[in-house]
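Trainee: Take a look at the following structure, please.
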């Protein structure tokens with residue numbers, strides 16, 4: 001039995017927001033057992049639990065809450081929390097998103113490890129999926145979780161670009177495997193989409209030092225940290241979006257060309273199963289849900 005955890009002390013981190021371009025301060029505070037991870041917009045007074053029901057915009061990042069009161073780009077910090085086994089946390093931000101830092105989860109891992117984790121008096125309540133749950137999207141995109149004895153993540157991508165192409169990764173998640181194999185993987189963007197994204201109010205804070213910039217044929221801002229850094233970052237995002245379940249998950253998550261919308265949809269399915277929607281033995285052994293969005 002593992003006890004719930006929180007931070008050993010308060011952490012303060014400042015940086016630019018990837019999409020807003022604003023300078024933002026994030027203050028991470030210890031929280032009591034059972035609170036989970038909660039974001040607070042100190043500038044507008046919004047309190048947003050990291051739960052699938054609170055998911056807002058899911059294009060190019062994961063946000064919580066409605067426009068004007070949302071907290072965006074939460075997935076990298078959430079990923080570090082899940083990866084390291086941090087259960088309870090209050091995150092105060094004075095702007096519309098979490099700082100992007102270097103585009104990976106590695107800085108968050110370093111900050112959390114420097115503060116340390118403290119065990120609380122309540123047992124962790126991991127949810128072990130009883131059967132396969134799956135969500136499908138357009139163009140052959142899909143994600144599912146199968147019963148397993150630990151949390152394993154298997155991810156595959158296929159981008160029609162010579163710098164990316166087909167990549168896949170599969171690993172059992174532990175604090176060590178997360179920190180070594182996933183946390184350093186950075187977010188990426190295509191130079192051909194940059195002007196379009198900015199016209200939509202996105203990528204206002206994108207810089208060569210906080211994301212991988214993919215040009216017409218190759219990466220244009222230096223070398224990669226891993227030969228398959230792109231798929232590793234997608235797996236990193238997935239782990240962050242699994243935090244929206246609100247409790248640890250045990251199962252084998254398999255994703256093919258999925259994104260934040262599919263990740264969040266799977267988190268909702270897991271939450272419904274965990275909430276006590278008891279599945280009768282006479283029902284089929286596989287559940288599939290269609291998703292029209294990206």
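Trainee: Please report the relative contact order for the chain, taking Cα pairs under 8 Å with a sequence separation of at least 6, and give it as a percent rounded to a whole number.
Mentor: Relative contact order, the chain: 26 percent.
Trainee: For the ranges 31-42, 221-232, what's the packing order if you count other beta-carbon atoms within 10 Å of each residue, average per peptide, and put the highest first?
Mentor: Going from most to least packed, we get 31-42, 221-232.
Trainee: Any idea what the relative contact order of region 90-147 is, in percent, if you count C-alpha pairs under 8 Å spaced at least 6 apart? Each step should come with its number before you reach the end.
Mentor: On the way: 24 pairs, mean separation 12.0, N = 58.
So the answer I get is 21 percent.
Trainee: Let me ask another. At a 10 Å Cβ-Cβ cut-off, how would you order 200, 141, fewest neighbours first?
Mentor: Ordered from fewest to most neighbouring Cβ atoms within 10 Å, 200, 141 come out as 200, 141.
Trainee: Could you give the spread of the C-alpha atoms of region 126-214 along their three principal axes, from largest to smallest, in whole angstroms?
Mentor: Reported extents, whole Å, longest axis first: 45, 33, 27.
Trainee: Moving to a separate point now. Can you give me the Kirkwood hydrodynamic radius for region 3-123, using every pair of distinct Cα atoms, in Å to one decimal?
Mentor: By the Kirkwood definition, the hydrodynamic radius is 14.1 Å.
Trainee: Further question: Starting with the fewest neighbours, write out 158, 195 ranked by other beta-carbon atoms found within 10 Å of each beta-carbon.
Mentor: Least crowded to most crowded, the residues run 195, 158.
Trainee: Run a plain Debye calculation on region 127-290 (Cα atoms as equal point scatterers, no solvent) and give log10 I(q)/I(0) at q = 0.10, 0.17, 0.18, 0.19 Å⁻¹, rounded to two decimals, same order as the q list.
Mentor: Each listed q corresponds, in turn, to -0.42, -1.05, -1.14, -1.23.
Trainee: The chain: percent of C-alpha pairs farther apart than 35 Å?
Mentor: Taking all Cα-Cα pairs of the chain, the fraction more than 35 Å apart is 13 percent.
Trainee: What ranking of 153, 13 emerges when the number of other C-beta atoms within 10 Å of each C-beta is taken as an exposure proxy, fewest first?
Mentor: Ascending number of Cβ neighbours within 10 Å: 13, 153.
Trainee: Could you state the orientation-averaged shadow area of the convex hull built on the Cα atoms of region 87-132, in nm² to one decimal?
Mentor: Mean projected area of the Cα convex hull: 5.9 nm².
Read the figures in this text as sums done on the coordinates, not as results from a lab. Because the structure is predicted, anything quoted here is derived from the model rather than measured. Virtual Cβ from ideal backbone geometry, glycine too; neighbours counted across all protein chains shown.
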